[in-house]
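Comments concern the structure below.
The values are calculated or read from the model by the stated rules, or taken from the named source; none is laboratory data. If you're wondering where the values come from, they're calculated on a predicted model, not measured in any experiment. Note: ideal-geometry Cβ built from the backbone for every residue, glycine included; neighbour counts use all protein chains shown.
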Amino acid sequence: MSIALRILPFLLLITVMFFYPQEVLKSASTGLSLWANFVLPALFPFFIISDLLMKQGFVHFLGALLEPFMRPVFHLPGKASFVVAMTHTSGIPIGAILTCKMRKDGEITKTEGERLLAFTSNPSPGFMFGAVASGMLGNPTLGIILAGSVYISNLIVGFLFRFYGLANDNHSTYPFSFRKAWNELALIQEKNKKPFGAMLADAVRDSTSTILLVGGFIVFFSVITQMITVLHINTIFSAGTTVLTRGLLPPSGGNALIQGFLETTLGCKAAVTAFGSLNAKVGMLSFLMGWGGLSVFAQVASFTTTTDLRFYPFVLGRCLHACLAFVTSQVLLRFSEIPTLKLPVTLTGMENGWIFTLKLSCYYFFWIILILLIVGLTYKMSKRVIRKR
């Protein structure tokens, strides 16, 4: 019986796809366009760069510098700061990929991996500023509100998860030492005798496989979401959400919530047209981007299954992130002045969208790494001042 139940949903999906081939083609094209314009340029170069930096020992160098900061704040090793930086730079699912890779290499413990996995899941800055703020809302200034809501709430989740599995955490804070960081870098480079050309080829090969996997998930869930719409299943669920919220959430808002539950981009597009007020639009957009969608869940699960990391901390982190992002967005809107700027831009009509995404990701990568280094140095200097007193 259980075997039949596992096969039945896929048989139903194939049947529906057979009767609605044009809808399947359209939704698959939409998912493919999203992947090509925003996901590919935001992730693929950084997949390669992160792989090379890990093999060259930069992660160990950065880890030794930021250990005094990451331990007391997040109860994570300094090496985890690289994952945090890459996540805020490039977006989903690079955080899960790097976390699982570090766990396989024994760089982090199981508890640390689950702790890190819970708050390293963000949309890329190119998606938030380009696709959502400029493309869907027609107001690039709102990208600051959206990105601020997502990033601030995510760091809050990370701080809350410092208490997760704390009984099994026996690490103490290590002193800041530039010499130790440099020695770590030199040691890793001595161990890795592979020529740079071979390392680059391996990085490109692995990154290509990963980015294609991500694209496949996006296209697949885009088709599933469209099939649910065609069969009016989302209408039934949206009506149910309206009843449960006692009319607070309109049917169109319920529809956006259902679509965003499956796939973030489609849910964001529906949320823009479902709500009239700016606060409601930004709140729902922040909530959906904090949640991530089942498409993201499937991507992360595909990587965690190769490790001993449990999946439920990630799910709990997404729930917390979604709720905190909604609250944070309302606070930021309350104390912000948003100009009423409208741009004649759409998600599929943005010129050079991939160039904008790549440029913004590189910009964020540089500043996040610089800020992390400054924070580490500042923390160390403040410790020295306190000791002298």
>> When you check residue 104 against the structure, is it surrounded by fewer than 17 Cβ atoms within 10 Å (Cβ to Cβ), modelled with pLDDT of 85 or more and closer than 18 Å to residue 317 by Cβ, yes or no?
In response: no
> For residue 310, are the conditions met, namely being over 18 Å from residue 31 (Cα atoms), of a type in the set (D, E, K, R) and not in a helix (DSSP H, G or I)?
Replying inline: yes
> Restricting the stretch 1-48 to residues that are among the aromatic types (Phe, Trp, Tyr) and in a helix (DSSP H, G or I), which is surrounded by the most Cβ atoms within 10 Å (Cβ to Cβ)?
Replying inline: 38
> Hey, among 113, 126, which residue is surrounded by 24 or more Cβ atoms within 10 Å (Cβ to Cβ), touching an Asp or Glu at 6+ places or on another chain (Cβ under 9 Å) and in contact (Cβ under 8 Å) with a residue 60 or more places away in the chain?
Replying inline: 113
> Within the stretch 95-123, can you find the residues that are more than 17 Å from the chain's Cα centre (by Cα), assigned to a helix (DSSP H, G or I) and of a type in the set (S, T, N, Q)?
Replying inline: 111
> Which one of the conditions (1) within 15 Å of the chain's Cα centre (by Cα); (2) more than 30 Å from residue 107 (Cβ to Cβ); (3) not small (Gly, Ala, Ser) does residue 281 fail to meet, given that it meets all the rest?
Replying inline: (1)
>> Please verify whether residue 279 is in a helix (DSSP H, G or I), over 13 Å from residue 132 (Cβ atoms) and out of contact with any Leu (no Cβ under 9 Å at 6 or more places or on another chain), treating the condition exactly as stated.
In response: no
> Under the condition of being surrounded by fewer than 13 Cβ atoms within 10 Å (Cβ to Cβ) and either in contact with a strand residue (DSSP E or B) (Cβ under 8 Å, 6 or more places away or on another chain) or hydrophobic (A, V, I, L, M, F, W, C) (or both), which residue from the stretch 160-173 is modelled with the highest pLDDT?
Replying inline: 163
> Do you know which residues across the stretch 49-82 are buried (at least 24 other Cβ atoms within 10 Å of the Cβ), out of contact with any His (no Cβ under 7 Å at 6 or more places or on another chain) and not in a helix (DSSP H, G or I)?
Replying inline: 76, 78
> How many residues are in contact with a Phe, Trp or Tyr (Cβ under 9 Å, 6 or more places away or on another chain) and of a type in the set (S, T, N, Q) if we restrict to the stretch 26-55?
Replying inline: 2
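Yes or no, residue by residue, for (1) without any contact (Cβ under 8 Å) to a residue 24 or more places away in the chain; (2) within 19 Å of residue 164 (Cα to Cα); (3) among the aliphatic types (A, V, I, L, M):
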position	(1), (2), (3)
39	no, no, yes
46	no, no, no
73	no, yes, yes
86	no, no, yes
106	yes, no, no
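So which of 304, 273 is without any contact (Cβ under 8 Å) to a residue 24 or more places away in the chain, surrounded by fewer than 24 Cβ atoms within 10 Å (Cβ to Cβ) and more than 16 Å from residue 322 (Cβ to Cβ)?
273
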> Any idea which of (1) at pLDDT 85 or above; (2) among the aliphatic types (A, V, I, L, M); (3) surrounded by fewer than 24 Cβ atoms within 10 Å (Cβ to Cβ) is the one residue 231 doesn't satisfy?
Replying inline: (1)
>> If residue 94 meets every condition in (1) farther than 18 Å from residue 292 by Cα; (2) of a type outside the set (Lys, Arg); (3) crowded, with 24+ Cβ neighbours inside 10 Å apart from one, which number is that one?
In response: (1)
